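Here the structure is laid out as C-alpha cells; the discussion comes afterwards.
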Amino acid sequence: MKKLIILFSAVLCLQSCKENKETQVSQKTEIQQSSATSVNEDENVFALHENENTTEKNALNDPAKQWLENLFKCTNGNKFCFYLETEEKATTKRFYEFMIDSEQIYGATSLSEEEMPLAKKKYEQKWSKIYPLRKDMEPWLFGRAQDDMENIKNVKIEKISDLKYRVFVDYDDSYQTLNEVTLIKNNNSYLINYCATEFLD
C-alpha cells in the first residue's frame, strides 16, 4: 500500500512539473509575440511619421514654386504685386519677344487695317511652330495689362508637373486670371518659357 501511495505521488509530481513547464513556455511565446508586435507597430508609426515628414519636406522644398511666388513680392508693403520690370527679367528672351509680337497684333496696336493681314501672316509664320498662338487676348504675363499691378488681392500657385504650374491671380474687383506657366532652368534659377492666360468671369 505504501508503494502504491509513493508511486501515485510521483506521477502527480511529474504531471505538475510538466504543466508548469508548458505554462512557462506558453508565457515566453506570448511575451515574444507581444514584443514583435510592439516592434512592428513602432516601425509602422515611424514609417508614418517619416512619410508625413517627407511630404512636408517636398512641399517646402520646391524651389521652382518658391521662385514663382517671389515674382509677386511687393516693395510697397502690400501682400501681392507684379511689376513691369519683373516681366522681362522673369522670361526667356524668346518668349518675351513672342509677347511683344503678340501685343502688336492683339494689344494696343498701331497697325492700320491694310497692314494687319500681312502682320498676322508674319506672326503666324514666325511663331506657329514654337508657341501656341495668341488669339485676341491679353499678351502679357498673368493678364497684367499695361501697368504695374500693386494691389493684387490673392495669388495661388499649384504644381501640375515638373516645371509646370497653375497660377491663379485675383486682381481684386477688376478681374481674375488662371495661368498655366512653363518654366525652364536657368543656372541656379528659373525663367518662364511660356504662359497661357485665361480670363475668368
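Computed from the coordinates by the stated procedures, all read-outs in this text should not be read as laboratory data. Nothing here was measured: the structure is a model prediction, and the numbers come from that model. We place every Cβ from the backbone using ideal geometry, glycine too, and count neighbours over all the protein chains shown.
Model label sites at residue 151 and residue 88, defined 7 Å from Cα along the beta-carbon direction, differ in position by 2.7 nm.
Residue 86 sits among other residues whose Cβ lies under 11 Å from its own Cβ, and their net charge, with Lys and Arg +1 and Asp and Glu -1, is -1. Applying D = kT/(6 pi eta Rh) to the range 56-201, where Rh is the Kirkwood radius over alpha-carbon pairs, T corresponds to 20 °C and eta to 1.002 mPa s, the Stokes-Einstein value obtained is 132 µm²/s. If the segment from residue 133 to residue 173 were pulled out straight at 0.36 nm per residue, it would be longer than the present Cα-Cα gap by 11.5 nm.
Pairs exceeding a 27 Å alpha-carbon distance, out of 89/159; 122/153; 73/126; 93/129; 120/164: 122/153; 73/126; 120/164.
For the range 93-148, the relative contact order comes to 44 percent (Cα pairs under 8 Å, sequence separation of at least 6). Between residue 160 and residue 122, residue separation times 0.36 nm minus the direct Cα-Cα distance comes to 10.4 nm.
Projecting the alpha carbon convex hull of the range 72-147 along each direction and taking the average yields 5.7 nm².
Between amide H atoms placed 1.01 Å from N, distances below 5 Å from residue 73 occur with 81, all of them 5 or more places distant or on a separate chain.
What is the sum of charges around residue 154, taking Lys and Arg as +1, Asp and Glu as -1, for the other residues whose C-beta is under 10 Å from the C-beta of residue 154? All intermediate terms of the calculation are to be shown ahead of the outcome.
Working: positive: 79, 153, 156; negative: 170, 172.
Computed value for this residue: +1.
Count Lys and Arg as plus one, Asp and Glu as minus one, and take only other residues whose Cβ is under 9 Å from that of residue 181; the net charge is then +1.
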